[in-house]
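Some notes on the structure that comes next.
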Amino acid sequence: LKDQFDNLDKHTQWGIDFLEKYAKFVKERIEIEQNYAKQLRNLVKKYCPKRSPKDEEPRFTSCIAFFNILNELNDYAGQREVVAEEMGHRVYGELMRYSHDLKTERKMHLQEGRKAQQYLDMCWKQMDNSKKKFERECREAEKAQQSYERLDNDTNATKADVEKAKQQLNLRTHMADENKNEYAAQLQNFNGEQHKHYYIVIPQIYKQLQEMDERRTIKLSECYKGFADSERKVIPIISKCLEGMILAAKSVDEHRDSQLVIDCFKSGFEPPGDFPFEDYSQNIYRTISDGTISTPKQEGTRNDSKTTVGKAKGKLWLFGKKPKPQSPPLTPTSLYTSSTPNGSQYPIFSIEPVHYCMSDIKTGKPRIPSFRSLKRGVKFCLQGPALEDFSHLPPEQRRKKLQQRIDELNRELQKETDQKDALIKMKDVYEKNPQMGDPGSLQPKLTETMSNMDRLRMEIHKNEAWLSEVEGKVAARSDRRHSSDINHLVTQGRESPEGSYTDDANQEVRGPPQQHAHPNEFDDEFEDDDPLPAIGHCKAIYPFDGHNEGTLAMKEGEILYIIEEDKGDGWTRARRHNGEEGYVPTSYIDVTLEKNSKGA
């Protein structure tokens with residue numbers, strides 16, 4: 001636990017940093033909302049008309065609609081300010097207060113952990129000092145003993161020297177005993193403190209840190225929700241603002257605007273009449289002599305003038321210029337032809353992704369049984385068959401993973417069971433009231449549900465076998481199986497999760513449970529024995545194919561003998577009249593057990 005204290009210190013610090021990082025994100029979002037609202041209000045103020053009451057300009061519907069849109073946009077800006085205020089009060093302010101409290105709590109817990117570690121280190125130093133002192137005193141006592149024995153054996157040594165050496169030996173021995181007792185006391189004290197440290201103090205501190213980190217996670221979750229709720233609360237009002245803009249756009253009436261223009265600029269004057277022709281050549285023709293042929297000239301001149309004027313009038317155009325000849329309208333064929341070299345007018349997307357998707361669809365399986373099987377298939381492909389039992393994980397992690405998988409399979413099994421019950425009830429209703437529906441239409445779905453339930457039961461049994469293996473539990477064996485046979489089978493093949501022995505990993509999922517996998521092997525061992533007595537009979541409610549080894553195929557309505565009850569794995573052992581035995585799904589039969597039944 002000591003080496004994990006620093007890791008917890010780093011993790012809790014990372015949690016606080018992440019909390020502050022999210023608070024900074026919320027703050028920047030608030031600033032964006034405030035700036036956005038401010039810019040919208042400035043935009044509305046800039047384009048909002050400033051008119052005096054005396055000003056009487058035309059009230060075009062397009063102008064009125066634009067003014068209404070500006071008002072709605074101003075309200076929209078107000079809602080953005082509400083979002084910013086709500087985020088600042090409910091999210092950012094709460095995060096900053098909680099971050100301060102979290103830092104204080106974390107500092108206190110870490111100080112407690114460091115104090116506990118320092119106290120344990122101090123106890124260890126005291127114990128080590130007493131140990132070293134005891135070791136030193138033992139060496140001194142050994143030297144004193146050697147000195148005493150040398151003087152005692154020396155004939156030249158005086159009695160006084162021998163007595164002095166003896167006293168020194170007694171003194172060193174006494175000091176060694178005292179240090180021994182002190183070392184024993186210090187060692188006992190250190191062991192007690194160490195046990196208390198690692199089993200009481202540190203786990204309590206770690207639990208407090210864990211609770212603190214979990215509260216931080218919960219607070220983040222609440223802030224995430226508050227962040228979204230701040231936006232969601234104003235959505236109805238924003239929707240009303242947008243609806244007001246749409247209504248303003250729909251209120252634009254081009255005919256009314258045109259009528260306003262007409263009423264505003266209509267003068268009431270009549271169009272001017274035609275200008276009369278003024279002939280300035282009469283005086284010139286009167287002075288001409290009588291010998292000339294004047295009349296024809298006059299007529300010719302007048303005709304020419306009229307012709308010239310007529311031609312001139314014929315050349316006058318409405319706006320002073322002759323319009324250019326218009327090109328013939330483009331037909332769809334010409335448009336297509338002219339636009340084809342330059343590319344289509346519509347966006348051209350690459351067909352490679354479409355081709356890839358179509359090829360993927362063509363190469364895939366034509367039919368997927370169910371979404372749950374697809375999900376499990378994806379997981380199986382990602383993890384691989386070798387890691388299906390999580391054997392690559394440590395035991396505790398493997399146990400958790402297997403338990404999670406078993407819980408998930410149980411939930412799916414419960415869903416399938418509920419669906420089966422609902423289908424059976426619906427079938428009963430249809431049988432009682434044929435006008436409501438055809439009971440036979442529910443049979444395929446009911447059969448598929450039964451198959452799914454059997455598959456789920458086998459998978460649950462397989463994972464429970466792995467889980468019991470992890471937990472050190474030995475699966476219950478049948479009385480008819482011998483340990484030597486089991487060892488023989490284990491050495492020859494790999495044991496599947498259900499207990500069936502096979503070399504094919506794919507057959508493990510599809511096979512029946514362990515005690516149902518290979519009944520023929522055990523029947524061969526006991527072929528000389530009498531067959532098992534029948535304990536009842538059953539009637540097949542649904543047909544069963546019995547493709548897997550050890551199973552017994554049956555038809556709907558067929559009567560079979562029961563020789564072994566369901567032991568909780570969803571399979572029942574049955575026998576035909578001809579003596580053929582095998583396992584059938586319990587949910588496919590209607591079982592009737594008989595008391596005191598001795599045989600078939």
- Note on the structure: Projected onto their principal axes, the Cα atoms of the stretch 4-260 stretch, largest extent first, over whole-Å spans of 150, 27, 22
- Message: Keeping every protein chain present and rolling a 1.4 Å probe, give me the accessible area per residue for the stretch 536-593 in Å².
- Response: 47
- Query: Hey, what's the stretch 395-476 come to in accessible area per residue, 1.4 Å probe, Å²?
  - Reply: 57
- Sorted by chain and number, the residues with a modelled amide H under 5 Å from that of residue 571, at a separation of 5 or more or across chains, are 586
- Where the eigenvalues come from the Cα gyration tensor of the stretch 536-593, what are the semi-axes √(5λ) of the equivalent ellipsoid, largest first, in whole Å? 13, 13, 12
- Task: Pop out the ³J(HN,Hα) list for the stretch 237-250 in order, Karplus 6.51 cos²θ - 1.76 cosθ + 1.60 with θ = phi - 60°, rounded to Hz; leave Gly and Pro as x.
- Result: 5, 5, 5, 5, 4, 5, 5, x, 5, 5, 5, 5, 5, 6
- Message: For the stretch 167-274, what does the accessible surface come to per residue with a 1.4 Å probe? Please give it in Å².
- Response: 72
- When the accessible area of the stretch 395-476 is split by element with a 1.4 Å probe, what percent falls to carbon and sulfur? 52
- Could you tell me what % of all Cα pairs in the stretch 395-476 have separations over 21 Å? 46
- Message: Please compute the modelled spin-label separation between residue 576 and residue 112, points set 7 Å along Cα→Cβ, answer in nm with one decimal.
- Response: 7.2
- Query: What list of ³J(HN,Hα) values in whole Hz, one per residue of the stretch 413-423 in order, does the Karplus curve 6.51 cos²θ - 1.76 cosθ + 1.60 (θ = phi - 60°) give from phi, with Gly and Pro shown as x?
  - Reply: 5, 5, 5, 5, 5, 4, 5, 5, 4, 5, 5
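The values are calculated or read from the model by the stated rules, or taken from the named source; none is laboratory data. Just so it is clear, the model here is predicted, and its values are computed rather than measured. Note: ideal-geometry Cβ built from the backbone for every residue, glycine included; neighbour counts use all protein chains shown. Surface accessibility is based on the protein's heavy atoms, side chains included, excluding ligands, DNA and RNA. Shrake-Rupley method; radii C 1.70, N 1.55, O 1.52, S 1.80 Å.
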